[in-house]
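Below is one structure, written out as structure tokens; the observations come after it.
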Amino acid sequence: MKKIITILGVSILLVACQKPAEPPPPPRPALVVVVGKSSANDAMVLVGEVKSRYESNQGFRINGKIIERKVEVGSFVKKGQVLARLDAVDADLSTQAASADVQAAEASHALAKAEVERQRTLFNKKFISASALDMREAELKTSAARLAQVKAQAAVSGNQSRYTALIADRDGVVTQINAEPGQVVEAGAMIAQIVDTKQIEVLVAVPESRMSKLKVGNKVNIRLWADREKTYAGMVREISPVANSATRAFDVRVAVTDVDEAVKLGMTAGVSFTETAADEIIVPSTALTQINGKNSVWVIENQSDISGVANPREVTTGPYTEAGVVIKSGLQANEMVAISGVHTLIKGQRVKPQIVDTKSESAP
């Protein structure tokens, strides 16, 4: 009887010493995204500046003192219109001096020609030697060359007298003026800038990761920040072959094909590039990790309304873009991928997905 009581007492003590089973840990919160395909509707939108295709810096071709300016900033001008004038006194004197040199050279040439005729007559009568005739003929050639030289110099002087008037070389609007009457300017210094208002474009900087899909002639949509309701049609006109050394982006000029008066120079505009590539799966770069030396992502599988199971999956990656990493294979649309703390996840770990919307409105 005592043995039975002792056994029962030991059993009770053993049961009392056993710890209660611990409940499973709650699912760990995890930031995730639902994988989708990026298509032509997910267009690249870049911000640029409205500029003119042609911006001409107008300057005098000779030195001089400005005596008159006929335009102001904002003035619309026509090709051939006078913008400013220089003091023409010195240019006129140079022209007169060149004209006098021409007259002197013509007289000298006429005298040399007459002398050659006389010497030929004497030579035919055997009164002079052949060397004497050759000397006079050489003098005639020299006078002819001298006459051609002073005529060319006179033409240059005549042109310079016409260069005292600064003439607009195109239709447009004056955007800058860097001279006032009374100012002495050097040849080539910018006096006024004329901008063609009929050929307007937007200058944008395109990242190098997006250049492979960009071609001259691609159609784009343009919106002004000043008026986001209206959309303008555009076309890629020019792509710089060299990246900017500071930004490492490529300058791209987009021509606005249906420009109107609302489009002002210097405005900010958003350019939407419609991509023509096939649909791609893109995940944020933070979702990508290395497992056993292979690119992998953590896929949340068997998810319920409150939890799911994290499992690694090997993927094949493509180029990196602003939106993330292109996944060539290994993922399907509508799958859920972890994007935060991927280095701390364990295979089969229960997580509580918190879906993040990675798309944001970037268009102006």
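One table, with the values for the structure above:
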| item | result |
| --- | --- |
| Karplus 3J(HN,Hα) series, Hz, for segment 244-259 with 6.51 cos²θ - 1.76 cosθ + 1.60 (x for Gly, Pro) | 5, 5, 8, 9, 6, 10, 9, 6, 10, 9, 10, 7, 8, 8, 10, 5 |
| Among ALA233, THR175, TRP298 the positive-end extreme of the charge dipole of the chain (Cβ point charges) | TRP298 |
| Global geometry of segment 195-348, whether rounded, prolate or oblate, following the gyration tensor of its Cα atoms and the 1.5 cut on a/c | prolate |
| Entries of LYS78/LYS264; LYS51/LYS215; LYS219/LYS264; LYS219/LYS328; LYS198/LYS219; LYS125/LYS151 with Cα pairs more than 29 Å apart | LYS125/LYS151 |
| Sequence ranges 225-232, 332-339, 189-196, ranked by mean other-Cβ count within 10 angstrom, highest first | 189-196, 332-339, 225-232 |
| Residues with amide H under 5 Å from that of ASP171, placed H, sequence gap 5 or more | LYS79 |
| In Hz, Karplus ³J(HN,Hα) per residue of segment 216-221 (6.51, -1.76, 1.60; θ = phi - 60°; x = Gly, Pro) | 5, x, 4, 7, 9, 10 |
| Relative contact order, percent, the chain [alpha-carbon distance under 8 Å, six or more residues apart] | 26 |
| GNM result for the chain, Cα springs below 10 Å: residue of GLU208, GLU137, GLU55 fluctuating most strongly | GLU137 |
| Cα lying deepest toward the dipole's positive end in the chain, options GLN103, ASN221, ASN334, charges on Cβ | ASN334 |
| Gap separating the Cα centres of segment 50-72 and segment 184-244, nearest whole Å | 23 |
| Segment 109-186 - charge dipole about Cα centre, Lys and Arg +1 at Cβ, Asp and Glu -1, debye rounded to 20 | 740 |
| Angle in degrees between helix 89-124 and the longest Cα principal axis of the chain, rounded to the nearest 10 | 50 |
| Student exercise, segment 207-306 dipole from Lys, Arg, Asp, Glu Cβ charges, in Debye to nearest 20 | 380 |
| Dipole axis of segment 87-230 (+1 Lys, Arg; -1 Asp, Glu on Cβ), positive-most option in VAL202, GLY158, ALA187 | VAL202 |
| Exposure of ARG313 as accessible area (Å², to 10), given a probe of 1.4 Å and all protein chains | 60 |
| From the coordinates shown, Kirkwood radius over Cα pairs in Å corresponds to which of (1) 29.4; (2) 23.2; (3) 20.5 | (1) |
| Heavy-atom accessible area per residue - the chain, 1.4 Å, Å² | 61 |
| LYS328 long-range amide H proximity, modeled H, under 5 Å | THR316, THR317, GLY318 |
| Computed lengthening from LEU122 to LYS51, 0.36 nm per intervening residue step minus Cα-Cα distance | 17.9 nm |
| Point-charge dipole on Cβ atoms (K/R +1, D/E -1) for the chain, about Cα centre, debye to 20 | 1060 |
| Cα gyration tensor, segment 108-190 - rounded (a/c under 1.5), prolate or oblate | prolate |
| Inter-label distance for GLN199 and THR268, nm, one decimal - labels placed 7 Å from Cα along Cα-to-Cβ | 2.9 |
| Over the chain: helical MRE at 222 nm, DSSP H runs n ≥ 4 each giving -39500 (n - 2.57), nearest 500 | -8500 deg cm²/dmol |
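The values are calculated or read from the model by the stated rules, or taken from the named source; none is laboratory data. Please read all numbers here as calculations on a predicted model, not as lab measurements. Positions of Cβ are backbone-derived with ideal geometry, glycine not excepted, and every protein chain shown enters the neighbour counts. For accessibility, only protein heavy atoms count, side chains too; no ligands or nucleic acids. Shrake-Rupley method; radii C 1.70, N 1.55, O 1.52, S 1.80 Å.
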